[in-house]
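See structure below.
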Amino acid sequence: MHYAQVPWFWSDQYDLKLQIAGLSQGYDQTIIRGSVDEKSFACLYLRDGVLIAVDAVNRPKDFVQSKALIVAHAKIDPDLLADARIPLKDLAH
């Protein structure tokens, strides 16, 4: 049996919930989902088109769903990743 563990971290800072999963070292592309101005967004890190990490601010669903995609080494179209109307879980193949 293969076990894949993804490092993760969370912290509540006043009105912000910060959740991080994966290791972003070596990323070559970032995708922002949500709104930075509204303090509700996720920054997705990709390397060679594969999701390797996420930094989520006030987006717990994106955090949880990204974590599963990171474990799966998911390669997903960046335009679909950026579309916050599409739940990340719907992008898993």
Check: For the range 28-93, which strands (runs of 3 or more DSSP E) that fit wholly inside it have 1 or more residues that are surrounded by 13 or more Cβ atoms within 10 Å (Cβ to Cβ) and aromatic (F, W, Y)?
Finding: 40-47
Notebook entry, point to check: Filter the range 20-54 for residues that are of a type in the set (G, A, S) and closer than 16 Å to W10 by Cα; which is farthest from the chain's Cα centre (by Cα)?
Noted result: S40
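Quick note: the coordinates plus some simple rules give every number you see, no bench work behind them. Given the structure is predicted, the values throughout are model-derived calculations rather than measurements. So basically every Cβ, Gly included, is an ideal-geometry build from the backbone, and we count neighbours across all protein chains shown.
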